[in-house]
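The values are calculated or read from the model by the stated rules, or taken from the named source; none is laboratory data. Just so we're clear, the structure is a prediction, and the values are computed from it rather than from any experiment. We place every Cβ from the backbone using ideal geometry, glycine too, and count neighbours over all the protein chains shown.
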Amino acid sequence: MSTDTTTAAMTTDELRDFYVRYVGLANSRDFDRMADFAHEEVVMNGTPVKMADMVAEFYRHVEAVPDLHWQIEDLVVEGNRIAARLTDTGTPVQEWNGLTPTGRSVSFTETAFYEVQDGRFKNMRYLMDTDGVRRQLAG
């Protein structure tokens, strides 16, 4: 990755590596390093969000699903934009996204889209298959 990301655009390979490291951060629960990946304020699903609130949301997810794991299935980079399809797996132990845990494990698709500005995420959009999770929990 370029050492001066404020003046040089990241290459496609650098953006791919950046995203793989971000997913690694999530899987290792190293959320205190989020400043390496996101601006102090990001636009998440159309709403401005402080990085601290984004980190708190990650913690809420892994509290409810302690073994939550993100697996990159597809990764596309074009310009300063990243698109990813992930398979997320885990076993909810607390209410999560309005869903009651049943002891069953779930596996679902998440799609995510990012815009990188000055070497960090500025715009983030994601969508997960909540109906699929609900069906899996119900059995």
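Looking only at the stretch 119-139, residues that are surrounded by 14 or more Cβ atoms within 10 Å (Cβ to Cβ) and either among the hydroxyl-bearing types (S, T, Y) or more than 21 Å from Q94 (Cβ to Cβ) (or both) come to 7 in all.
The number of residues in the stretch 84-107 that are in a strand (DSSP E or B) and at pLDDT below 95 comes to 2. Within the stretch 55-70, being without any contact (Cβ under 8 Å) to a residue 24 or more places away in the chain and either among the hydrophobic types (A, V, I, L, M, F, W, C) or touching a helix residue (DSSP H, G or I) at 6+ places or on another chain (Cβ under 8 Å) (or both) holds for A56, L68.
Results for (1) over 15 Å from the mean Cα position of the chain (by Cα); (2) crowded, with 17+ Cβ neighbours inside 10 Å; (3) in a helix (DSSP H, G or I), shown as yes or no for each residue.
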residue	(1), (2), (3)
Y22	no, yes, yes
M54	no, yes, yes
W70	no, yes, no
D74	no, no, no
I82	no, yes, no
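Working only within the stretch 84-116, note down all residues that are over 18 Å from M128 (Cα atoms) and surrounded by 15 or more Cβ atoms within 10 Å (Cβ to Cβ). Matches in the stretch 84-116: E115, V116.
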